[in-house]
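Heads up, the thing below is written out as structure tokens.
What follows is calculated from the coordinates using simple rules that are stated; it is not laboratory data. Note that the coordinates shown come from a computational prediction; the quantities given were computed from them, not determined experimentally. Ideal geometry is used to build each Cβ from the backbone, glycine not excepted, and the neighbour counts take in all protein chains shown.
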Amino acid sequence: MTTTVAARPSTSNFSRFLRRSGRNFSQFWRQLSRNKLAVASLALVLVFALVAIFADLLYEYDFVTSNSLENALLKPGESGVVYYHEKDIEHTFILGSDNYGRDILGRLVHGARVSMIIGFATVAIALLTGGILGAIAGYKGGLFDTLIMRATDILLSIPTILLAIAIVAALGNSFFNLLIAISTSMIPGYIRIVRASIITVKDQEFVEAARCIGAGDLRIVLKHILPNITSPIIVQSTLNVGSAINWAASLSFLGLGILPPKPEWGNMLSEAREFIQYAPHLLFAPGLTILLTVLAYNLIGDGLRDALDPKLKR
Amino acid sequence: MLVPVLFGVTLIVFALMYITPSDPAQMMLGANASPAAYTQMKADMGLDKPFFVQYVRFLFGYKHEIFGYKGLLFGDLGRSYISNRNVFELILSSFPNTLILAAGALFFALILGIPIGILSATKPYSIIDMLFTVFALLGASMPVFWAAMVLIYTFANKLRIFPAMSNPGDMLSLVLPIVTLSMYSMAIIMRMTRSSMLEVMEQDYIRTARVKGMDEKVVIFKHALRNALIPVVTVAGLQFGQLLGGAVLTEKIFSYPGLGTIMVDAIYQKDTPQILGSVCFVAITFTIMNLFVDILYGFIDPRSKTTFRRKAKPVAQRSRA
């Protein structure tokens, strides 16, 4: 079986790439590391991920969600006395405080956790659902294809942000519903990508060969086709994590996602709206955080696309 | 093709509203209504019937002296639960405002995006190109609502050039929302023009034109641009649809009286007929818009037409050069 895999005349970028690099990522990494922006973005994303994982060590959740009105709208770097857990503690607000006197940096740190979870969970849900549907449509063809693609057309004919808004409005405001809304808006994209890639691969000789030696449909799709279509999926998923974070922030901003006092980047901006004139740090801190995160994912996506595409290798 | 899609869109939107945990009958009566009055109200509003009965009524109309309407197919969805105004009249009165905003944004995006894209493509990997690449990436990554807030902070609060609130009658107040809304589309159009131009510039007929000793300007604008603009037009058309739907956030922030504001307000107030009407309206416009782009594509690019009719003729491209 191993020999079949190694000898198959595949045209896919990713598998050919994997084989050529001796099944390790050293060449891939060399390819990606030429793109300085992508590497820097990767570092930024890793830092944000660490911050999100260890958020509780940096700031306690109760601390960033409890009000202390006497410290409201402090400028970045100012310190104040916070009454917390029945004690007065001296605290420096590195990025200032919001209109309820909550630490902005602390809220950004805990918001990072929410955004990371939303980013990865929505992409995982969409990838799984869209991938399976796309695979059925592309591999089986016929009636399945027609039905699934019609449904995709229908979903695509509602503007993405509007579909997400309508779903949250219908299901109600909750973290889980936000996940469903955002991933539903992404599913059509995955269906199209997976279907298109499968159609280009499924009639090639190595698939036929696998079928000849008696491999079942599931085995063919998972072991022979899937490794050949991963690169467009990886690129799309990276870009989608960025847009998911953006959409989650937008929905929360409209009051249709995660509501205050829970810390989330979008709802921080929503709360800041009336105070930006007096406290611009309320506007710039969460906004730049979102911008940097989304930008980083987009740059990584672009970098991956170049690294995985042999046509662009120079 | 169009009909099943529109049918599906209305079905999805209707299903979403059907499972919404709001109770319009309770809303109409208030919290202290008697159970009998509540049941009567529910029957009057037609909410006691099963899903498909309600959906068919939604499409073909429902006869009732207070809550009756002619149905979506006849452009009537009754009255809003909150404002008691006719849903479609409200939509039709606010849609032109959204149209102004979206058209302005698309115009702005095209008028800046295409020249910058050409500039980037004629000098690929130069400093100018890099600069605009970063600019485009920023434009594509920036959350719309944050961009709007920064613009309001800078130009309305600090510099006091443009007002923070916007309305369709005042040209000056339209500047900020149009700039906000166009940012994303501009980035997309810029990148599309650049990559499409780069691709076309490598074609044989461009080299032929250059070898013939043609002026570089003529080569770029007459030979390359015409062909490079084909995918740009498609993207611009699709963007226009997205702009109509995506205006929601921009309109909300600038308190602009457009369809988006109406939609979000209706969602906040759980005003079912209003939500159904406006979402369906946008989805239908969007679908028709996309169809229009497809048709337009055939006109701009005669090659795609021949592909549909018979086998594509490879001669077509040569005759262009």
Just want the answer: with Cβ charges of +1 for Lys and Arg and -1 for Asp and Glu, which residue in A:Pro280, B:Asn157, B:Ile178 is farthest toward the dipole's positive end in the protein assembly as shown?
B:Ile178
Leading residue at positive end of dipole, region B:220-303 (Cβ point charges), from B:Val264, B:Gly246, B:Val279
B:Gly246
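Taking only complete DSSP H runs, can you tell me which helices of chain A stretch 18 Å or more along their own long axis by Cα positions and average at least 0.5 on the Kyte-Doolittle scale?
On the way: long enough: A:36-53 (26 Å, 2.63); A:104-140 (52 Å, 1.40); A:142-156 (21 Å, 1.16); A:175-202 (38 Å, 1.25); A:230-253 (34 Å, 0.79); A:281-308 (40 Å, 1.14).
The qualifying helices are A:36-53, A:104-140, A:142-156, A:175-202, A:230-253, A:281-308.
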How much length is gained on full extension from A:Phe120 to A:Phe54, taking 0.36 nm per residue of separation minus their Cα-Cα distance?
22.1 nm
Relative to the first principal axis of the alpha-carbon coordinates of chain B, what is the inclination of helix B:127-141, with its axis defined by its Cα atoms, in degrees from 0 to 90 and to the nearest 10?
10 degrees
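Taking a ≥ b ≥ c as the square roots of the eigenvalues of the Cα gyration tensor of region B:110-185, is the shape rounded (a/c under 1.5), prolate (a/b larger than b/c) or oblate?
On the way: a/c = 2.68, a/b = 2.10, b/c = 1.27.
Verdict is prolate for region B:110-185.
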Dipole magnitude (debye, nearest 20) for region A:52-148, charges at Cβ of Lys, Arg, Asp, Glu
560 debye
Tell me, what is the percent relative contact order of region B:175-267, built from C-alpha pairs under 8 Å that lie six or more residues apart?
32 percent
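Divide by every residue of the protein assembly as shown the summed helix terms, -39500 (n - 2.57) for each DSSP H run of at least 4, and state the resulting mean residue ellipticity at 222 nm, rounded to the nearest 500 deg cm²/dmol.
Values: 28 runs with 433 residues, N = 635.
Using -39500 (n - 2.57) per qualifying helix, the result is -22500 deg cm²/dmol.
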Global form of region B:162-261, assessed from the alpha-carbon gyration tensor, a/c cut-off 1.5
prolate
To the nearest 20 Debye, how big is the dipole of the protein assembly as shown about its Cα centre, given +1 on the beta carbon of each Lys and Arg and -1 on that of each Asp and Glu?
3300 debye
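What fraction, in whole percent, of alpha-carbon pairs in region A:218-314 exceed 16 Å separation?
On the way: 3056 of 4656 pairs.
Looking at region A:218-314, the distances longer than 16 Å represent 66 percent of pairs.
Rounded, prolate or oblate, given the Cα gyration tensor of chain A, with a/c below 1.5 counting as rounded? Kindly include the intermediate steps, with their values, before the conclusion.
Numbers: a/c = 3.01, a/b = 1.95, b/c = 1.55.
Verdict is prolate for chain A.
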A:Ile213-A:Leu147 pseudo-label distance in nm [points 7 Å out on the Cα-to-Cβ vector]
3.4 nm
Given 0.36 nm per residue, what is the gain on full extension from A:Lys223 to A:Tyr278 after removing their alpha carbon distance, in nm?
13.9 nm
At a 10 Å Cβ-Cβ cut-off, how would you order B:Ile275, B:Ile188, A:Ile276, fewest neighbours first?
A:Ile276, B:Ile188, B:Ile275
Magnitude of the Cβ-charge dipole (Lys and Arg +1, Asp and Glu -1) of chain B about the Cα centre, nearest 20 debye, reported as 1360 debye
Furthest towards positive pole of dipole, B:Pro21, B:Gly46, B:Gly61, structure part region B:1-68, Cβ charges:
B:Gly61
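How high is the relative contact order of region B:55-109, in percent, counting Cα pairs under 8 Å that sit 6 or more residues apart?
Values: 49 pairs, mean separation 9.8, N = 55.
Here the relative contact order equals 18 percent.
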Relative contact order (percent, whole number), chain B, Cα cutoff 8 Å, 6+ residue spacing:
21 percent
Using the alpha-carbon atoms, what tilt in degrees (0 to 90, nearest 10) does helix B:225-253 show relative to the longest principal axis of chain B?
30 degrees
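Per-residue counts of other Cβ atoms within 10 Å, averaged by peptide: what ranking do you get for B:176-182, A:236-242, A:194-200, B:53-59, highest first?
Numbers: B:176-182: 25.1, A:236-242: 22.9, A:194-200: 19.9, B:53-59: 16.9.
Those peptides, ordered most packed to least, come out B:176-182, A:236-242, A:194-200, B:53-59.
Assuming 0.36 nm per residue, please report the length gained on full extension of the stretch B:Phe60 to B:Glu216 beyond their Cα-Cα distance. Kindly include the intermediate steps, with their values, before the conclusion.
On the way: separation 156, 0.36 × 156 = 56.16 nm, distance 6.06 nm.
Computed gain between B:Phe60 and B:Glu216 is 50.1 nm.
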Can you give me the C-alpha center-to-center distance between region B:15-59 and region B:166-216, rounded to a whole angstrom?
50 Å
